[in-house]
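Have a look at the structure below before the remarks.
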Amino acid sequence: MTVAPASDLAGSAASVPRHVAIIMDGNGRWAKARRLPRMAGHKAGMESVRAVVRAAPDLGIDVLTLYAFSSENWKRPQEEVGFLFGLLKTYLHAEIAELDAKDVRIRVIGQWRLLPADLVKLIEGAIDRTRNNEGLTLVLALNYGSRDELVRAARACIADGLSDDEVTEEAIEARLDTAGLPAPDLIVRTSGEERLSNFLMWQSAYAEFVFTSTLWPDFGAEELAKACETFAARERRYGGL
Ligand code: IPE
Ligand code: IPE
Ligand code: MG
């Protein structure tokens with residue numbers, strides 16, 4: 001019998017989601033509705049990122065994961081991909097001092113080391129600077145894909161010389177990018193789409209889902225609070241009674 005990890009059990013008792021993960025979707029449609037270029041939607045979306053990061057600690061959230069760039073988003077035009085990386089640089093440059101001052105610890109999941117070198121350097125600096133902070137953990141999913149993460153975890157088991165009975169749920173979990181983080185209690189997706197798009201597939205086994213038709217640039221502190229309220233009314237059973 002497999003016992004639910006402590007983080008899952010803790011979630012059942014609490015009405016506050018300890019870990020909220022957001023699939024920030026709908027920037028392009030937000031721009032289209034205003035006859036603006038997609039880039040304007042991404043720029044507006046960055047303001048929503050600022051808003052939720054500021055609001056999360058007040059809502060009692062310990063870990064906030066934001067899906068910012070998927071391993072499949074490389075399929076987009078080079079111009080858009082470059083713009084998204086540029087925005088991320090702007091965000092980190094502009095916010096790092098405030099994030100650090102607010103005791104936010106930055107973590108990154110996904111193959112972020114394969115991003116452009118200047119961005120990698122900036123991310124390394126941000127992780128390093130905030131390493132010992134003890135407030136909100138802000139997890140940025142960058143060049144992240146769940147399947148890719150699981151393949152890398154499987155390869156790490158082999159590289160570590162694990163025998164077949166040593167390949168346990170715990171062994172895999174310890175080799176995921178999210179190692180050491182509690183599983184997401186609540187996954188929010190904006191823009192009306194109701195799919196995971198290769199996000200946290202292993203980790204979301206017992207997550208609650210909230211889908212909202214609000215486009216990401218229109219999402220803010222109030223909608224985040226509403227999603228937490230919806231979460232609080234859910235009953236989590238983890239397969240039990
Ligand atoms: C989310 O908005 C941002 C990223 C995926 C980086 P989209 O760019 O996917 O917006 P839509 O889905 O086209 O509206
Ligand atoms: C998911 O959104 C990825 C991010 C939010 C970073 P997409 O817009 O890429 O997802 P699909 O293509 O609609 O599934
Ligand atoms: Mg989209």
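Considering only residues that are of a type in the set (A, V, I, L, M), more than 13 Å from ligand 2 (Cβ to nearest atom) and open to solvent by less than 20 Å² (accessible area, probe 1.4 Å), which ones fall in region 16-30? Within region 16-30, Val20 is the sole residue that qualifies.
Identify the single condition in (1) assigned to a loop (DSSP other than H, G, I, E, B); (2) of a type in the set (A, V, I, L, M, F, W, C); (3) in contact with a helix residue (DSSP H, G or I) (Cβ under 8 Å, 6 or more places away or on another chain) that Val188 does not satisfy, given that it satisfies every other one. The failed condition is (1). Considering only region 150-179, how many residues are part of a loop (DSSP other than H, G, I, E, B) and of a type in the set (Asp, Glu)? So the count comes out to 2. The residues of region 191-218 that are of a type in the set (A, V, I, L, M, F, W, C) and open to solvent by less than 40 Å² (accessible area, probe 1.4 Å), listed by number, are Phe199, Leu200, Ala207, Val210, Leu215, Trp216. Could you tell me whether region 30-51 includes any residue that is hydrophobic (A, V, I, L, M, F, W, C), touching a residue at least 60 places away in the same chain (Cβ under 8 Å), within 22 Å of Ala225 (Cβ to Cβ) and away from ligand 3 (no atom under 15 Å from the Cβ)? Scanning region 30-51 turns up at least one residue that is hydrophobic (A, V, I, L, M, F, W, C), touching a residue at least 60 places away in the same chain (Cβ under 8 Å), within 22 Å of Ala225 (Cβ to Cβ) and away from ligand 3 (no atom under 15 Å from the Cβ). Considering the conditions (1) closer than 29 Å to His42 by Cβ; (2) out of contact with any strand residue (DSSP E or B) (no Cβ under 8 Å at 6 or more places or on another chain), Phe211 is excluded by exactly one of them, (2). If the condition is being under 19 Å from the mean Cα position of the chain (by Cα) and either within 14 Å of ligand 1 (Cβ to nearest atom) or modelled with pLDDT under 50 (or both), then region 9-36 contributes Gly11, Ile22, Ile23, Met24, Asp25, Gly26, Asn27.
Assess whether Leu181 counts as being touching a residue at least 40 places away in the same chain (Cβ under 8 Å), more than 16 Å from ligand 3 (Cβ to nearest atom) and under 26 Å from Met24 (Cα atoms). Considered against the rule, which asks whether it is touching a residue at least 40 places away in the same chain (Cβ under 8 Å), more than 16 Å from ligand 3 (Cβ to nearest atom) and under 26 Å from Met24 (Cα atoms), Leu181 comes out as yes. Here Glu166 meets each of (1) farther than 30 Å from Ala227 by Cα; (2) surrounded by 14 or more Cβ atoms within 10 Å (Cβ to Cβ); (3) of a type in the set (Asp, Glu) with one exception, condition (2). The set of residues in region 61-98 that are open to solvent by 20 Å² or more (accessible area, probe 1.4 Å), more than 16 Å from ligand 3 (Cβ to nearest atom) and either touching a residue at least 60 places away in the same chain (Cβ under 8 Å) or among the hydroxyl-bearing types (Ser, Thr, Tyr) (or both) comprises Asp62, Thr90.
If we scan region 108-124, do we find a residue that is in a loop (DSSP other than H, G, I, E, B) and within 15 Å of the chain's Cα centre (by Cα)? Yes, because at least one residue in region 108-124 is in a loop (DSSP other than H, G, I, E, B) and within 15 Å of the chain's Cα centre (by Cα).
The values are calculated or read from the model by the stated rules, or taken from the named source; none is laboratory data. The shown structure was predicted, so the numbers you read here are calculated from the model rather than taken from an experiment. Cβ coordinates were reconstructed from backbone atoms using ideal geometry, including for glycine residues, and neighbour counts include every protein chain displayed. Quick note on the areas: whole protein, heavy atoms, side chains included, nothing else; ligands and nucleic acids left out. Shrake-Rupley method; radii C 1.70, N 1.55, O 1.52, S 1.80 Å.
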